[in-house]
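Notes to accompany the following structure.
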């Protein structure tokens, strides 16, 4: 059976992605290798996909600790909307690590919708259930407005200054 | 069947990538495996075992698989299998001599709009299907293809640019 390696570009990218993550069945991987070893175009596409994956692999949610407080910060402009993939990252970061004192830096978050608020509240409930505290840092004006309108700002404390936020965790120990 | 020096160099580069993919980029014997593959491939060419260029790629891949199997058997005989199998080496490129590549791919990524990066992360890193992404983001099939094409175009150009200076890229498999 002959495979059409040059037919659909999306299919070719799926092949590149699955090959690079070693998820192709061995027989299919061998046939793909048979092909790219003789095809300059497909080889260049494969290597370009590898570079792209490497670039994308840089984390979008950076985590660091100040004293015993975990600070989560988006490394690039983000949106916490139903359609955004940052929501998964944020939710995973909170649920997996089980930190008791968490400060989420929202300075790079330009928009938030009801799903984003839901995830923030879910993260807050998770922290509280684990006898923890979750606070927000530097929400942008539009985000601050949404937090205020929904009265979530009465539950989730926000700070403009990181050191003040860190100090507040010490003032109100868990 | 005779390959020109240029064709042979291309094949060597592709085989090197294939070997790195299979045995890990950190394996110290990658070049030996590639060299042995090419030596056997050339010997078969001289004996007229390979009839045409189309079959040459698949043939070289078969030879390479054999060489890798022999290498693995030899390694297992010499060094018994550790109780805990180590994680495969990360696919990140080595730090020392690849600063330029890192700069280039970071620059390439920075040129893509935020939305494109989110879509590409979903496709390449979270390994979502095109259909899942379209459903989650509300993009059309055409939008998705444009995003993919735009990113691949940039990273293909970065890869081809790196190829112009291959002498110091040996460790990356480029």
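Give me Rg/Rg_expected for the stretch A:1-105, where Rg uses Cα atoms only and Rg_expected = 2.2 N^0.38 Å with N residues.
For the stretch A:1-105, the normalised Cα radius of gyration comes out at 1.50.
Annotation: Cα Rg of the stretch B:1-73 relative to the compact-globule expectation 2.2 N^0.38 Å equals 1.06. Binning all Cα-Cα separations of the stretch A:21-174 at 10 Å, short to long from zero, yields these whole-percent fractions: 10, 34, 24, 12, 12, 7, 0. Spin-label model, residue A:23/residue A:128: points 7 Å from Cα along the beta carbon direction are separated by 3.7 nm. Segment residue A:145..residue A:88, full-extension length gain: 18.2 nm, with 0.36 nm per residue of separation and the alpha-carbon distance subtracted.
Taking the fewest neighbouring Cβ atoms within 10 Å as the starting point, the ordered list for A:126, A:6, B:21, A:64 is A:64, A:6, A:126, B:21. For the stretch A:76-149, what D do you get in µm² per second when you plug the Kirkwood radius from alpha-carbon pairs into Stokes-Einstein at 20 °C and 1.002 mPa s? Once the numbers are plugged in, D ends up at 174 µm²/s. Overall dimensions of the protein assembly as shown, expressed as equivalent-ellipsoid semi-axes from the Cα gyration tensor (√(5λ), whole Å, largest first), are 47, 23, 17. Hydrodynamic analysis of the stretch A:132-173 uses the Kirkwood radius over alpha carbon pairs. Inserted into Stokes-Einstein at 10 °C and 1.306 mPa s, it gives a translational diffusion coefficient of 148 µm²/s. Each principal axis of the stretch A:22-71 carries a Cα extent, and these read 55, 22, 10 Å when sorted largest first. A Förster distance of 22 Å, applied to the separation of the beta-carbon atoms of residue B:49 and residue B:163, puts the FRET efficiency at 0.15.
Note on chain A: with a GNM built from Cα contacts shorter than 10 Å, the maximum mean-square fluctuation among A:23, A:65, A:73 falls on A:23.
None of the figures in this text is laboratory data; all of them are computed from the coordinates on show. Worth saying up front: this structure is predicted, and the values here are computed from it rather than measured. Don't worry about glycine lacking a Cβ; one is built from the backbone with ideal geometry, like all the others, and counts go over all protein chains shown.
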